[in-house]
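Report on the following structure.
The values are calculated or read from the model by the stated rules, or taken from the named source; none is laboratory data. Note that the structure is a prediction, hence the values are computed from the model and not measured. Cβ placement follows ideal geometry from the backbone for every residue including glycine, while neighbour counts extend to all protein chains displayed.
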Amino acid sequence: FKEKTLAMIKPDGVEGKYVDAIKEIILDSGFSITQEIERQLDDSTVKSFYAEHASKSFFSNLVQYMTSGPVRIMVIEKENAIADWRALIGPTDAKKAKVTHPDSVRALCGLNSERNCVHGSDSPQSAAREISFFFQKSQSGDDLTFH
Ligand code: CMP
């Protein structure tokens, strides 16, 4: 069965002009993009999106980074989308990704463990939460509309 996950290109990816290359990787890997929006996130939106990391030492840097420019947010769909997108983006630390996963998206456009250029939901629970965080279902059906 088809599964949806949230894919986000972070400010460094958008600014570095990686959007088209990343979308090509997504489509070439068999995903369809069912929703897409570019958005400048503010502090409270990032804090709420990353609430599970609120106590981490890197949290304030993360908020600063994620508000530093627009992000491209997409809902992508295919069988096994959640695990497959995570595998495609590679490890959190982009520096490591360049060594251990040279074909990954983070090896392509990330810099380090913070500036890792893309996000992917890590479980069905977070995919559901993160998709509804940015998009909402229309009243008529399962069409997603911008939140
Ligand atoms: P992401 O997969 O979007 O989920 C949480 C984000 O926090 C992560 O990508 C990084 O951008 C950031 N992050 C995770 N670990 C660290 C770390 N050790 N130092 C700085 N930033 C981090």
Among helices (runs of 4 or more DSSP H) entirely within the stretch 10-50, at least 1 residues that are within 14 Å of the ligand (Cβ to nearest atom), over 17 Å from Gly90 (Cα atoms) and in contact with a helix residue (DSSP H, G or I) (Cβ under 6 Å, 6 or more places away or on another chain) occur in 43-49
Any residue at all in the stretch 79-95 that is more than 17 Å from Ala127 (Cβ to Cβ) and hydrophobic (A, V, I, L, M, F, W, C)? yes
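Residue by residue, here is whether (1) surrounded by 18 or more Cβ atoms within 10 Å (Cβ to Cβ); (2) at pLDDT below 95; (3) not in a loop (DSSP other than H, G, I, E, B) holds:
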position	(1), (2), (3)
Ser68	no, no, no
Lys78	no, no, yes
His119	yes, no, yes
Asp122	no, no, no
Glu130	yes, no, yes
Here are Asp20, Asp12: which of them is farther than 16 Å from Ala127 by Cβ, of a type in the set (Asp, Glu) and surrounded by fewer than 16 Cβ atoms within 10 Å (Cβ to Cβ)? Asp20
The residue that is surrounded by the fewest Cβ atoms within 10 Å (Cβ to Cβ), considering only those in the stretch 92-114 that are outside any helix (DSSP H, G or I), of a type outside the set (Asp, Glu) and more than 13 Å from the chain's Cα centre (by Cα), is Pro102
Answer yes or no: is there a residue in the stretch 51-58 that is without any contact (Cβ under 8 Å) to a residue 60 or more places away in the chain, away from the ligand (no atom under 14 Å from the Cβ), in a helix (DSSP H, G or I) and not charged (D, E, K, R). no
Going through the stretch 23-52 in order, the residues found to be surrounded by 14 or more Cβ atoms within 10 Å (Cβ to Cβ) and over 15 Å from Leu108 (Cβ atoms) are Phe31, Thr34, Gln35, Glu36, Ile37, Leu41, Thr45, Val46, Lys47, Phe49, Tyr50
I'd like to know if the stretch 84-105 contains one or more residues that are among the small types (Gly, Ala, Ser) and touching a residue at least 24 places away in the same chain (Cβ under 8 Å). no
